[in-house]
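Visitor: Got a structure for you, questions after.
The values are calculated or read from the model by the stated rules, or taken from the named source; none is laboratory data. The model shown is predicted, which means the values in this text are computed figures rather than measured ones. Neighbour counts are summed over all protein chains in view; Cβ atoms, including those assigned to glycine, are modelled from backbone coordinates with ideal geometry. Accessible surface is based on the protein model in full, side chains and every heavy atom, while ligands, DNA and RNA are left aside. Shrake-Rupley method; radii C 1.70, N 1.55, O 1.52, S 1.80 Å.
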Amino acid sequence: MMRSRFVALLVTFGVTAIGALGMAKAGPPGTSGRPVLNSHRVSNGKDLAPQVRITSPLDGAFIAPGDSRLGAGDPNGAGFAIVAEIRTRDNNKVSVDEDINIRNVEDLGGLNPQFPGLFVFIDEDLITPDGTVIRANTNLGPLFNIAGTDDTPGAGVTIWVGWHMLESISLREGESFNLTVAVVDNARRVGFDRVRLNVAESVTSRFGTSGNGLTQNPGEPDRVDGGTAPIVEIIAPREPSAVTFGENPPNGSLHYIQVAIIDREGDVVVDELGASDGLLDNTSDILAAQFARIDDAAAGLAQPNRNVPGFDFRFSVPFGGAGGVANVNVARLFNIAGSEVIVLEDGTPAVRTVLNWVVAAPFGGTARDENFVTFTASVMDANGNRSTANSTFQLTESAANGDKLTPQP
């Protein structure tokens with residue numbers, strides 16, 4: 001009943017009413033983040049609304065509160081990544097300007113000009129790295145970092161967006177908050193998803209006080225001896241799907257890649273703030289130098305990403321960002337990371353880290369003679385335990401690049 005009322009408001013009043021969706025409290029844990037897409041249809045008699053699914057953080061996850069306090073800011077915030085999967089299912093598509101940088105901080109609370117149909121709400125106040133406050137239920141869509149698109153089978157495409165949250169959350173032990181992501185398409189239909197997230201330092205403090213502290217940082221002593229191998233999964237794109245060949249940068253393939261890592265000991269080495277490459281300078285216009293960007297192009301071709309030194313990612317076909325050859329490590333090109341804590345089936349807390357990238361270079365050379373590309377993601381923790389995941393996708397000429405798969409705002 002509650003959801004129906006909010007959807008009706010959105011249809012009647014359009015985007016001016018969408019704030020009401022953010023203020024709605026979630027149902028009990030487990031009502032979202034399930035294996036199937038959580039879609040909400042607004043029917044015009046024949047068409048379907050976009051399907052929206054939050055793939056990070058997971059419903060019921062535990063979030064490190066972060067180190068910012070009112071008047072005393074700190075970039076070591078909650079430090080999780082918000083990633084949403086948006087699937088359109090007909091020709092009334094969602095307008096997005098896919099890019100490795102869609103961040104428009106000056107529009108906070110309004111519309112992101114590169115993705116005007118994106119609305120993201122957290123129903124608690126956030127403390128910024130400057131020690132100021134973003135009020136609960138402010139539209140956070142303009143703060144998102146990256147967006148990319150792949151061509152799923154049938155009508156429509158799948159759009160992905162991601163943001164590393166530098167802000168902190170002041171909640172007491174055992175309290176929860178709700179995250180809602182909503183998308184309005186060009187026919188003013190609405191899809192949304194919602195997850196409930198927990199703050200409990202009794203769960204997260206064994207790893208750290210911030211998202212960046214949940215994982216072992218480069219240069220830190222090993223947290224454990226031996227340990228267990230991480231679990232690695234390629235979340236985005238989803239099989240089966242197709243990725244474009246792409247054109248010259250910055251109009252590369254522009255599909256979105258998300259790799260998830262689950263580790264019991266938290267000893268996968270990740271600097272979610274992106275400082276370990278020595279480039280951090282928040283006054284710089286260079287993306288790789290800004291807080292929460294893990295891009296490390298300066299590391300050099302085929303070299304590890306200094307912010308995630310145990311991570312290796314390769315394409316099976318020639319790729320522009322790999323010097324025009326296949327099977328070269330391109331982890332240095334990933335854009336953002338974030339971490340949360342989940343509880344495994346045996347009751348053990350584990351750190352879940354997601355690494356995200358919008359591919360700004362094309363597949364070229366003999367890749368043009370191929371029909372498929374295989375992605376290989378490999379992660380080695382600080383103790384040398386390694387795991388690998390593979391996914392295979394069709395290479396498509398349905399559009400020149402991911403940007404051409406959706407209308408432009």
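Visitor: As an exercise, use a Förster radius of 35 Å and the Cβ-Cβ distance of Val325 and Ser398 to find the FRET efficiency, rounded to the nearest 0.05.
Guide: Computed FRET efficiency for Val325 and Ser398 comes out at 0.85.
Visitor: Among (i) 7; (ii) 12; (iii) 23, which one is percent of Cα pairs over 42 Å apart computed from these coordinates?
Guide: (i)
Visitor: Another question, then. Placing unit charges on C-beta atoms (Lys and Arg positive, Asp and Glu negative, everything else neutral), compute the dipole magnitude of the chain about its Cα centre in debye, rounded to 20.
Guide: Details: 30 positive and 48 negative charges, 290 e Å.
The dipole of the chain has a size of about 1400 debye.
Visitor: Measure out, as a whole number of angstrom, how far apart the alpha-carbon centroids of the stretch 99-169 and the stretch 355-409 sit.
Guide: With the stretch 99-169 and the stretch 355-409 each reduced to a Cα centre, they are spaced 23 Å.
Visitor: Something else now. Grab the Cα-Cα distance for Asn217 and Ala136, subtract it from 0.36 nm times how many residues apart they are, and report the gain in nm with one decimal.
Guide: Values: separation 81, 0.36 × 81 = 29.16 nm, distance 3.08 nm.
Stretched out fully, the Asn217 to Ala136 stretch lengthens by 26.1 nm.
Visitor: I've got another one for you. In square angstrom, what is the accessible area per residue of the chain with a 1.4 angstrom probe?
Guide: 37
Visitor: Among DSSP beta bridges whose residues both lie in the chain, state the antiparallel percentage, nearest 5. Please report the intermediate quantities before stating the final value.
Guide: Working: 80 of 85 bridges.
Percentage antiparallel, nearest 5: 95.
Visitor: Hey, rough spin-label estimate for Asn248 and Ile231, points 7 angstrom out along Cα→Cβ, what's it come to in nanometres?
Guide: The answer from the label model is 4.5 nm.
Visitor: Moving on. Taking amide H positions as placed in the peptide plane 1.01 Å from N, state which residues far from Asn112 in sequence (5 or more) or on other chains have amide H under 5 Å from it.
Guide: Leu118
Visitor: Then there's this: At 222 nm, what value in deg cm²/dmol follows for the chain if DSSP H runs of at least 4 each add -39500 (n - 2.57) and the sum is divided by all its residues, to the nearest 500?
Guide: -1500 deg cm²/dmol
Visitor: Another one. Can you give the net charge of the other residues whose Cβ lies under 14 Å from the Cβ of Gly131, counting K and R as +1 and D and E as -1?
Guide: -4
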